[in-house]
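S.K.: So that we are looking at the same thing, I have put the structure below in structure tokens.
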Amino acid sequence: MQKVLLVDDEKRMLDLVALYLKPHQYHCKKALGPREALAYLKTEAFDIVLLDIMMPEMNGWELCSEIRKFSDIPIIMLTAREQQEDIIKGLNLGADDYITKPFNEEELLARMGALLRRTTPKNITEANGLLWDEDRFELTYRKNVIKLTPKEFMMVGHLMNNPHKVFTREQLIQLIWGFDSETEGRTIDSHVRNVREKIRQSGFPVDDHFITVWGVGYKWINEGE
């Protein structure tokens, strides 16, 4: 499920866009204005930002420029302004795309999907802000690295990349240690305890995601699924 930050100074518009996106497997967080948006972006991980331009105190162009000082997150600007110079200004400040209001729901979804396909790294799995990065061999939450052993990292990766699939202890042993391993099931249980504690210390709600299926094994579930 992709996580979207919606930024607008009108609650009605935030609610409307969230209503559009929810059935399409987008988890939306609503920021009522630029200050709230910046606070969220500095403490949480998002996949894309939908940003209104015409806001008091700080307009969308200024906010886009501020975001680009610390993040390369994909940004689509939403506005009622259609002037060519406004579109060029937004793109020059770091926006990735631009759509005018009132917008067509299918067009918005298509633009979001196309942008996410271009910008989402292929070897990163995300769950509610927890990022499993295969290339960097890192698990991070809110930009903080969670130190795992190689076996712990592989275990988390297998679970996160196969949400809702239950893995028995024997399957995890074969996947992580190999078919010829003499590792016992209690070793898996020990690794699970260690992983949960390390992730829990980062502030991530691991107990809502890393689930024990009693008498069978373990599984990972994602928020809202």
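S.K.: Can you figure out the FRET efficiency of residue 62 with residue 223, using R₀ = 35 Å and their beta-carbon distance, to the nearest 0.05?
M.R.: Numbers: r = 31 Å, r/R0 = 0.90.
Calculated transfer efficiency: 0.65.
S.K.: Now for a different question. Filter the chymotrypsin sites (Phe, Trp or Tyr not before Pro) in the range 127-212 down to the DSSP loop ones having no more than 13 other Cβ atoms within 10 Å, then list what survives.
M.R.: Passing both the DSSP loop test and the Cβ count: 137, 179.
S.K.: Given axes a ≥ b ≥ c from the Cα gyration tensor, I'd like to know whether the range 1-60 is rounded (a/c under 1.5), prolate (a/b larger than b/c) or oblate. Let's see the in-between values first.
M.R.: Values: a/c = 2.43, a/b = 1.30, b/c = 1.87.
Oblate, since a/c reaches 1.5 and b/c is not below a/b.
S.K.: Please give the net charge around residue 132, taking every other residue with its beta carbon less than 9 angstrom from that of residue 132, where Lys and Arg add +1 and Asp and Glu add -1.
M.R.: Numbers: positive: none; negative: 126, 133, 134, 138.
So the environment of residue 132 carries a net charge of -4.
S.K.: Report relative contact order for the range 46-126 in percent, whole number only (criteria: Cα-Cα under 8 Å, sequence separation at least 6). The partial results should precede the final answer.
M.R.: Details: 88 pairs, mean separation 23.8, N = 81.
Normalised by residue count, the contact order of the range 46-126 is 29 percent.
S.K.: Among the lysines, which fall within straight-line cross-link reach of residue 89, defined as a Cα-Cα distance under 28 Å, with same-chain neighbours fewer than 8 residues apart omitted?
M.R.: Answer for residue 89, where 28 Å is the Cα cut-off: 3, 11, 29, 30, 42, 69, 101, listed by chain and number.
S.K.: Counting only the heavy atoms of the protein chains, how much of residue 193 is accessible to a 1.4 Å probe, in Å² to the nearest 10?
M.R.: 150 Å²
S.K.: Given 154, 211, 195, which one lies farthest toward the positive end of the charge dipole of the chain, if we put +1 on the Cβ of every Lys and Arg and -1 on the Cβ of every Asp and Glu?
M.R.: 195
S.K.: Here's a follow-up. Under a 1.4 angstrom probe, counting protein chains only, how are 24, 191 ranked by accessible area, largest first? Can you show the working numbers first?
M.R.: Numbers: 24 85, 191 35 Å².
Result of the area sort, largest leading: 24, 191.
S.K.: What distance in nm separates the two pseudo spin-label positions at residue 136 and residue 212, each 7 Å out from Cα along the beta-carbon direction?
M.R.: Taking the simple label geometry, residue 136 and residue 212 are separated by 3.2 nm.
S.K.: Report the residue, chosen from 192, 156, 213, that carries the largest GNM mean-square fluctuation when the chain is represented by alpha-carbon nodes joined by springs under 10 Å.
M.R.: Highest fluctuation among the options: 213.
S.K.: How much of the DSSP bridge set in the chain is antiparallel, in percent, rounded to the nearest 5? Mind showing how you got there, number by number?
M.R.: Numbers: 17 of 36 bridges.
Restricted to the chain, the bridges split so that about 45 percent are antiparallel.
S.K.: Same structure again: When the chain is modelled as a GNM with alpha-carbon springs shorter than 10 Å, which of 90, 113, 129 fluctuates the most?
M.R.: Of the options given, 113 has the highest mean-square fluctuation.
S.K.: Classify the range 90-198 as rounded, prolate or oblate, taking a ≥ b ≥ c as the square roots of the eigenvalues of its Cα gyration tensor: rounded when a/c is under 1.5, otherwise prolate if a/b is larger than b/c and oblate if not. Could you put the intermediate results ahead of the total?
M.R.: Values: a/c = 3.35, a/b = 2.51, b/c = 1.33.
Verdict is prolate for the range 90-198.
S.K.: Select from the range 156-220 those GluC sites (Glu not before Pro) which occupy a DSSP coil region and have at most 15 other Cβ atoms within 10 Å, ordered by residue number. Don't jump to the answer; show the numbers that get you there.
M.R.: Values: sites: 170, 182, 184, 197; in loops: 182, 184.
Sites meeting the loop and neighbour criteria: 182, 184.
S.K.: Taking 0.36 nm per residue of sequence separation and subtracting the Cα-Cα distance, how much length would be gained by fully extending the chain between residue 104 and residue 11, in nm to one decimal? Provide the component values of the computation, followed by the final result.
M.R.: Details: separation 93, 0.36 × 93 = 33.48 nm, distance 1.93 nm.
Answer, rounded to one decimal: 31.5 nm.
S.K.: Next question, about the same structure. Within 10 Å of each candidate Cβ there may be at most 14 other Cβ atoms; applying that plus a DSSP loop requirement, which GluC sites (Glu not before Pro) in the range 38-85 survive?
M.R.: Details: sites: 44, 57, 62, 66, 82, 85; in loops: 44, 57, 82.
Here the GluC sites (Glu not before Pro) that fit, given the DSSP loop and packing criteria, are 57, 82.
S.K.: Normalised by the residues of the range 79-160, what does the relative contact order come to in percent, with Cα pairs under 8 Å and at least six apart?
M.R.: On the way: 59 pairs, mean separation 13.0, N = 82.
Relative contact order here is 16 percent.
S.K.: Relative contact order for the chain: what is it in percent, counting Cα pairs under 8 Å that are at least 6 residues apart? Could the numbers behind the result be given before it?
M.R.: Details: 321 pairs, mean separation 31.8, N = 225.
That works out to 14 percent.
S.K.: When a/c reaches 1.5 or more, the comparison of a/b and b/c decides; with that in mind, is the range 1-131 rounded, prolate or oblate per its Cα gyration tensor? Intermediate results must be reported in sequence, preceding the final value.
M.R.: Values: a/c = 1.33, a/b = 1.24, b/c = 1.07.
Here the range 1-131 falls in the rounded category.
The values are calculated or read from the model by the stated rules, or taken from the named source; none is laboratory data. On a predicted model such as this, the values are computed, not experimentally measured, just so you know. Glycine gets a Cβ as well: all are built from the backbone with ideal geometry, and neighbour counts include every protein chain shown. All accessible areas refer to the heavy atoms of the entire protein, side chains included, with ligands and DNA or RNA removed. Shrake-Rupley method; radii C 1.70, N 1.55, O 1.52, S 1.80 Å.
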